[in-house]
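Nothing in this text is a laboratory measurement; each read-out follows from the coordinates by a stated rule. This one's a predicted model, so the numbers in the text were calculated from it and none came from an experiment. With ideal geometry, Cβ positions are generated from the backbone for all residues, glycine too; neighbour counts draw on all protein chains shown.
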Ligand code: COA
């Protein structure tokens, strides 16, 4: 008989960090290209401005910067990280995984390193995996990164996407704990809705000399997210064994301010629950949106160490993941 893997009794998030690219793009810089207005964008999405990366702010560079902040916050040295997971859909090379390059640039000691593709839900998928790896004995401390340079694949002339998508990186260090710090994940997919958010076949786009722009049918995505995701959030609370009244913070994927509000309403979250609203100044940064929003709530003192937070994210696939976590 072979030995069974043994891990820590529980896992928790030990630290979070983010990287916000330097170019601030207000609505006024976008509206002429898409025949829109600052007022329309603010009312329909809640977005006032977003960040777009410059040439130096690559997926790797932003990941490394966010990770350094998360490691500092966690007070964990890079030597103690034995697994690096990068969630992204805008690393424009299929292989090697950017996670291995990020681990190397951080000076990590040959950790497991790989990328995952779960679009805007990628970070929450990574947190679920990290928790299971630590409890299953595959890793002691895991670095989970959500990073995007969506400006590379967003058509500046597309009225349905140009004002929404943006760039950035967020990271979390997940490690062992004596008490439960990451609740059971509720996750799933609806591949029948795959065509609602997608990029084209890259070989075909290349042959046609076209950029593989991201396309989205915003309205059906909006309806799906506002209704179906409230049930997913509710289930994550139930599985974590807490009620909405006991929740401290709500950190949903920053897709659209109206979706954030609709979810909070449908889930009947009491006014005492603090709600992340990072989208106003960051736009939709896909896999980076939840850790960036979380970082802001902690930095601005809206969220305290030990608070419970419901994370929920959803996007292309369509895919989704939600869990309750205890904040570092
Ligand atoms: N500027 C000005 N007007 C615009 C516009 C723009 N950028 N885009 C569309 N419109 C117009 C449409 O032509 C339409 O006009 P009409 O009523 O005269 O026909 C009207 O605004 C409504 O269009 P619609 O597409 O129904 O808008 P919406 O309320 O659904 O808002 C989104 C559009 C994209 C903001 C919204 O659908 C959304 O946020 N969807 C989900 C996005 C999301 O979560 N994506 C990521 C998941 S990861």
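What does the convex hull of the Cα atoms of the chain come to per residue, in Å³, rounded to a whole number? All intermediate terms of the calculation are to be shown ahead of the outcome.
On the way: hull volume 46.9 nm³, N = 328.
Each residue corresponds to 143 Å³ of Cα convex hull volume.
Normalised by the residues of region 186-326, what does the relative contact order come to in percent, with Cα pairs under 8 Å and at least six apart?
34 percent
Which of 260, 24, 64 moves the most in a Gaussian network model of the chain with Cα springs under 10 Å?
24
Taking other Cβ within 10 Å of each residue's Cβ, how do 227, 114, 123, 314 sort, fewest first?
The order, fewest Cβ neighbours first, is 227, 114, 314, 123.
First measure r as the distance between the Cβ atoms of residue 265 and residue 36, then evaluate 1/(1 + (r/R0)^6) with R0 = 25 Å and state the FRET efficiency to the nearest 0.05.
Details: r = 26 Å, r/R0 = 1.06.
Plugging the Cβ-Cβ distance into 1/(1 + (r/R0)^6) gives 0.40.
Just to be sure I understand: of the beta bridges DSSP finds with both ends in the chain, what percent are antiparallel, rounded to 5?
Just about 70 percent of them are antiparallel.
Rank these for me by crowding, 91, 110, going from fewest to most other beta carbons within 10 Å.
Result, fewest neighbours first: 110, 91.
With only alpha-carbon pairs counted, each pair once and no self-pairs, how large is the Kirkwood hydrodynamic radius of region 125-171 in angstroms?
12.9 Å
Across the Cα atoms of region 186-326, what radius of gyration and what greatest pairwise Cα-Cα distance (Dmax) are found, in Å?
That works out to 16.4, 55 Å for Rg and Dmax.
What is the calculated FRET efficiency for residue 227 to residue 54, with r their C-beta to C-beta distance and R₀ = 56 Å, to the nearest 0.05? Don't jump to the answer; show the numbers that get you there.
Working: r = 38 Å, r/R0 = 0.68.
Working from the Cβ atoms, E equals 0.90.
What FRET efficiency, computed as 1/(1 + (r/R0)^6) with R0 = 35 Å and r the Cβ-Cβ distance, is obtained for residue 94 and residue 246, rounded to the nearest 0.05? If you can, show how the numbers build up before the last one.
Values: r = 44 Å, r/R0 = 1.25.
The pair residue 94/residue 246 has a calculated efficiency of 0.20.
Taking Cα pairs under 8 Å and at least six residues apart, what relative contact order does region 10-177 come out at, in percent?
36 percent
Mind sorting 88, 308, 199 by how few other Cβ atoms lie within 10 Å of their own Cβ, fewest first? Each step should come with its number before you reach the end.
Values: 88 29, 308 19, 199 15.
Final ranking by Cβ density, sparse to dense: 199, 308, 88.
Residue separation times 0.36 nm, minus the C-alpha to C-alpha distance between residue 110 and residue 304: what's the value?
Length difference between fully extended and current span is 66.5 nm.
Once fully extended, how much extra length lies between residue 238 and residue 206, figured as 0.36 nm per residue of separation less the alpha-carbon to alpha-carbon distance? Mind dumping the intermediate values first?
On the way: separation 32, 0.36 × 32 = 11.52 nm, distance 4.69 nm.
Fully extending the segment from residue 238 to residue 206 adds 6.8 nm.
Can you give the Kirkwood hydrodynamic radius of region 1-66 from its Cα pairs, in Å with one decimal?
About 15.9 Å for region 1-66.
Taking the chain as a Gaussian network, where each spring joins two C-alpha atoms under 10 Å apart, which residue of 52, 40, 213 fluctuates the most?
With Cα springs under 10 Å in the chain, the top fluctuation among 52, 40, 213 is at 40.
Counting just the Cα atoms, what span does region 10-177 cover along each of its three principal axes? Round to the nearest Å and put the largest first.
Here the spans come out as 54, 28, 25 Å, largest first.
Of 108, 118, 287, which has the largest mean-square fluctuation in a 10 Å C-alpha GNM of the chain?
Largest GNM mean-square fluctuation: 108.
Return a whole-number percent for the relative contact order of the chain, with Cα pairs under 8 Å and 6 or more residues apart as the contact set.
Values: 837 pairs, mean separation 84.9, N = 328.
With pairs under 8 Å counted, the relative contact order is 26 percent.
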